[in-house]
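Quick note: the coordinates plus some simple rules give every number you see, no bench work behind them. Note that this is a predicted model, so its numbers are computed, not measured. We place every Cβ from the backbone using ideal geometry, glycine too, and count neighbours over all the protein chains shown.
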DNA sequence: CTGTTAGCGCGTTCAA
DNA sequence: TTGAACGCGCTAACAG
């Protein structure tokens, strides 16, 4: 690999001049600049990012640290991040903590060690993890979940209201024993969506029944098991609100395996888009989030923060959409909305 | 951030001694080593990976460069890579070329600039792309698709035979106008699976009809459009073999939208696991690949190549599984296999 | 406007 | 066994 000195020699100038030209400093004679540029292309010169970063103590790498790489919600979001990043000449790398605090810690160490220029993260809220990044001055934007301990830019949706709407819809449809399968305690999305579920029940004059609530990990397997438990106990639910796409799929799979009909035996309402939603019968009622926009917005915030690290942290709440389809309709014709 | 000099001062030794201790060189007095280690933990010293990499001209970052981050085949595979990488103390970052040669070029430039320690790639086979990595001496393993131009370690499956089996099954079921929806020309998986389809037809004494073959991009939208075209032309297929999961989903969505029954009107056989496969009715017949194993194997090969760059490139062919389900069964009861 | 000099933080010679 | 000196490739002071 050619270094900046090779280019300098080739163009008959000093290394600093090469550096200036290649970094677009306007204080170089036009003719010299041309010589430098042609020397650079001739030698196929590519600046050593390591050396540059060491000098500037900053890279042009952004990390997107997600809790589950197999969740299409997160991968869809990456697209939005990439589009913004590319325009600002950053590269985006995806890191998968796999819901494991240890892996998250490893990646945070790597992000720190590699001095990455910014991080977009769906926090697992392990004590100290994000603090480490913040105190190192790494620009951070939290997505999906709220970060605890630290105040950072956040892009999220109104989980509580969306969950309330979905649950209210089930109640209005005439379901009387509406269960909720939600994620781990302490994860803000799991808590907020559960809170919305409870609020809807209270608003309808019902008392939330703790026996109808299950906490589990945000995985298909978790949804499957939780649904099974709910069906095996009293009161047996006649509808279920699942607070994430994987939970929805798992719950549905459980219902199918037990030969229960949806929505005749059990109604179901899901959160997030489900892969192949159009192919699943009956069509699933879901709350959807603007995944691409979440990614874009987070990336925009990251850019602004890189420019001005002192700006006060902001919280952006993006709108959700309620899609009522057949899976949540009691004894009515199938309609479609949203 | 504390530097190696801070630690040295704190421990009353020189920076070189600190370096030696922290890199496990055995030539340091035990007592001194202890002092160094406690000084390091006390200052929460974390080596600057940039400086270290600049010096060693190598990072501890692996890149997995895939053509579609939304394809679960690729994200599932990453898990296998991660497990191997973690044990060898590498971090894995995922880069999404999004089937765009320009983006792939950008990421390759970044990989080169950041001097990443290794790359696992599903090549788009753009002229020069991989060559650039190879000539820079970056260890590479190709997955899914074969790399052209360059000879590199490759992990793949026997696409031709698997496709032949699937197509033969459709023919044996009595389908007479079996179509094939495959990926872009020049992509080895698309070509090989198409070749297997043709081989099965010939083996059954049929002449492959070019009007029943469609090339498109490996996207759901592509599968949808291709299926639509096939249905709008003569001869109208009574079965379709789709050579990738997204194509399968797209084709199926098209059939559903047109009110066609599967498999009564049109039979379907897919390649790769389809998300939510268990929830789709009728259950889909598919060829599945050992995604996790592909990731593990590729990572193992990468490790070996890092250790011994001179080792001759190898090709690992992993087994596929044929899962015959209802979508490909003509006038028979629904059974399940595999 | 240009070149010389210095140093980012580390690992690795070379002497001692 | 240890420390001093050097350089990885680059950018940012400082002079000229």
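Okay, here's what the table says:
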read-out	value
Contour excess over end-to-end distance, with Cα ends at residue B:207 and residue B:102 and 0.36 nm allotted per residue	33.9 nm
Amide N of the stretch A:200-224 lying under 17 Å from the label point, which is placed 7 angstrom from the Cα of residue A:172 along Cα→Cβ	A:200-206
For q = 0.06, 0.11 Å⁻¹, Debye-computed log10 I/I(0) when each Cα of the protein assembly as shown counts as one equal scatterer	-0.40, -1.20
Other copies of residue A:314: label-to-label distances in nm, shortest first, labels 7 Å along the beta-carbon direction	5.3
Quotient of C-alpha Rg and 2.2 N^0.38 Å, computed over the stretch A:225-293	1.10
Theoretical gain in end-to-end length, residue A:136 to residue A:317 [0.36 nm per residue, Cα-Cα removed]	62.5 nm
Share of pairwise Cα separations in the stretch A:4-47, more than 15 Å, in percent	25
Length-normalised contact order for chain B - Cα pairs under 8 Å, 6+ apart - percent	16
Inter-copy separations for residue B:134, label at 7 Å along Cα-Cβ, nm, ascending	4.9
Exam field: residue A:232 pseudo-label spacings to other copies (7 Å along Cα-Cβ), nanometres	5.2
D_trans [Stokes-Einstein, Kirkwood Rh over alpha-carbon pairs] for the stretch B:1-140, 20 °C, 1.002 mPa s, µm² s⁻¹	124
At R0 = 60 Å, FRET efficiency that the Cβ-Cβ distance of residue A:260 and residue B:148 yields, to 0.05	0.70
Among B:126, B:115, B:87, residue whose mean-square fluctuation peaks in a GNM of chain B (springs only between Cα atoms under 10 Å)	B:87
Chain B: mean projected area of Cα convex hull, nm²	20.5
MRE, 222 nm, helices only [DSSP H, n ≥ 4, -39500 (n - 2.57), over the protein assembly as shown, to nearest 500]	-13500 deg cm²/dmol
Whole-Å distance, taken between Cα centres, linking the stretch B:188-262 and the stretch B:269-324	22
Förster radius 30 Å - calculated FRET efficiency between residue B:56 and residue B:30, Cβ distance, rounded to 0.05	0.70
Of A:220, A:229, A:191, the one that fluctuates the most in a GNM where chain A has Cα springs shorter than 10 Å	A:229
Förster radius 41 Å - calculated FRET efficiency between residue A:306 and residue A:16 (Cβ-Cβ, nearest 0.05)	0.95
Value of Rg to Rh for the stretch B:159-289 (Rh from inverse mean 1/r over Cα pairs, i.e. Kirkwood)	0.92
Residue order, fewest to most surrounding Cβ atoms within 10 angstrom, among A:213, A:317	A:317, A:213
Rg over Rh [alpha-carbon atoms, Kirkwood Rh] for the stretch A:1-75	1.23
Most mobile listed residue (A:222, A:196, A:12) in chain A, GNM with C-alpha springs under 10 Å	A:12
